Amino acid sequence: MGAKKTILVAPLCWGLGHATRCIPIIDALLAHGFNVIIGSDGDALLLLRKEFPQLPYVSLPAYNIRYPKKGVYFKWKLLWKLPALQKTMRSEKKIIQKMVAQGTIDGIISDNRLGVRNKKIPSVFITHQLNVLTGHTSFFSSKLHRRIIRKFDACWVPDVENIINLSGKLGHIKHADFPVTYIGPLSRMKKQLLPKQYDILVLLSGPEPQRSMLELQLTELFSKAANSVLLVQGNVQSQQEIRQLNNLKIVNYMLSEELEQAINASDLVVSRSGYTTIMDLAVLEKKAFFIPTPGQYEQNYLAKRLDDHGLVPMCKQKEFSIDKLESVRDYKGLHDFKSQRDNEALFSFFKGKGEL
């Protein structure tokens, strides 16, 4: 037996979704005898440090992506930030270069961190976006993204390859000119049969200021409702804080085990239509209602696709009212997206480029 290999797991800090879907990957790596170093920034790093306090970590430069208050300007804001993003990628590469030179890491799993790779060690890119939707510029944004993916040794897509899948055209293209492996939905959650504790669970996440704008809107609505409601703000802080507004319980954040119990003990989940949230709810087979982030083409596409398939209803943020939740009973909910992932075969990739 050789020395344990050390894998850097580095999710993008864009809300909490990229970080939370890396939790089952980290658990599986540890179970298969790897050492793990966590790499990220902001809330994503803080969350993973709380989930895995025993693991070493490295702070990576922040992408600092914020949504404009008017979602229609999001694409143009991203284009304006492109030089800053390229600078961040260069900073990431320098940090990784140093870690590789020092022999600190033997492999990389980057969840959408574009500069976290190195030619000298096996580098994996996790994404559900082989196509990146940006409206009229989708062809160009997808081509640019795939050009970056090609620089990695492997691409893992957290979805099933079947016709019935979660990501639709985002995660499925006809002719990829790089190796793609479908690894099944990634979720830190497990389904449990628990007594009902809440009628509705509101799950917030995503970049500011849209996260806070939706929180204010939903807090006002649900604090006047007769239903028993739990609102999880998605604000990772040093201490958990809980407050009560009539029948509405508000908590700043929950770690995996507590959140898993809360979702299992709720009748219905109201949330953004982020892909990680969709994977979690599919694994838990929960009824849901989606409010996509204004201006984010991906979330709008995913929500509309699930609505069109009769699985989960959705509406625009400005149109949401509690009455709209009555439509949930007419939808099937998320089921039948489970897959058995062969982690041993997947992680054999890290034997080294010369050993594969």
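The values are calculated or read from the model by the stated rules, or taken from the named source; none is laboratory data. Predicted model only: the values in this text are computed from it and were never measured. Please note: Cβ atoms are built from the backbone with ideal geometry, for glycine as well, and neighbour counts cover all protein chains shown. Ligands, DNA and RNA are stripped out before the accessible areas are found, and what is left, the full protein with its side chains, is counted by its heavy atoms. Shrake-Rupley method; radii C 1.70, N 1.55, O 1.52, S 1.80 Å.
Computed quantities for the displayed model
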{"quantity": "Where a residue in the range 284-308 is at negative phi and free of Cβ contacts under 8 Å to residues at least 40 places away in the same chain and its partner, wherever it lies, is among the hydrophobic types (A, V, I, L, M, F, W, C) and open to solvent by 40 Å² or more (accessible area, probe 1.4 Å), with Cβ under 8 Å and at least six apart", "calculated": "Phe289/Met314; Phe290/Met314; Pro292/Met314; Ala303/Met314; Lys304/Met314; Leu306/Met314; Asp307/Met314"}
{"quantity": "Subset of the range 38-65 [touching a residue at least 40 places away in the same chain (Cβ under 8 Å) and open to solvent by 20 Å² or more (accessible area, probe 1.4 Å)]", "calculated": "Asp43, Leu46, Lys50, Glu51, Val58, Ala62, Ile65"}
{"quantity": "Of the criteria (1) open to solvent by less than 60 Å² (accessible area, probe 1.4 Å); (2) part of a helix (DSSP H, G or I), which one Glu220 fails", "calculated": "(1)"}
{"quantity": "Per-region count, the range 22-36, residues within 14 Å of Asp342 (Cα to Cα), open to solvent by less than 60 Å² (accessible area, probe 1.4 Å) and among the hydrophobic types (A, V, I, L, M, F, W, C)", "calculated": "3"}
{"quantity": "Breaking point among (1) among the hydrophobic types (A, V, I, L, M, F, W, C); (2) in a strand (DSSP E or B); (3) out of contact with any strand residue (DSSP E or B) (no Cβ under 9 Å at 6 or more places or on another chain), for Met213", "calculated": "(2)"}
{"quantity": "Residue count for the range 255-286, restricted to those that are touching a Gly at 6+ places or on another chain (Cβ under 9 Å) and surrounded by fewer than 20 Cβ atoms within 10 Å (Cβ to Cβ)", "calculated": "1"}
{"quantity": "Residue that is farthest from Ile263 (Cα to Cα) [pool: residues in the range 145-203 that are in a strand (DSSP E or B) and β-branched (Val, Ile, Thr)]", "calculated": "Val180"}
{"quantity": "Test result for Ala3, in a helix (DSSP H, G or I), among the small types (Gly, Ala, Ser) and either over 19 Å from the mean Cα position of the chain (by Cα) or modelled with pLDDT of 95 or more (or both)", "calculated": "no"}
{"quantity": "Qualifying residue in the range 123-145 (condition: touching a Pro at 6+ places or on another chain (Cβ under 6 Å) and surrounded by fewer than 22 Cβ atoms within 10 Å (Cβ to Cβ))", "calculated": "no"}
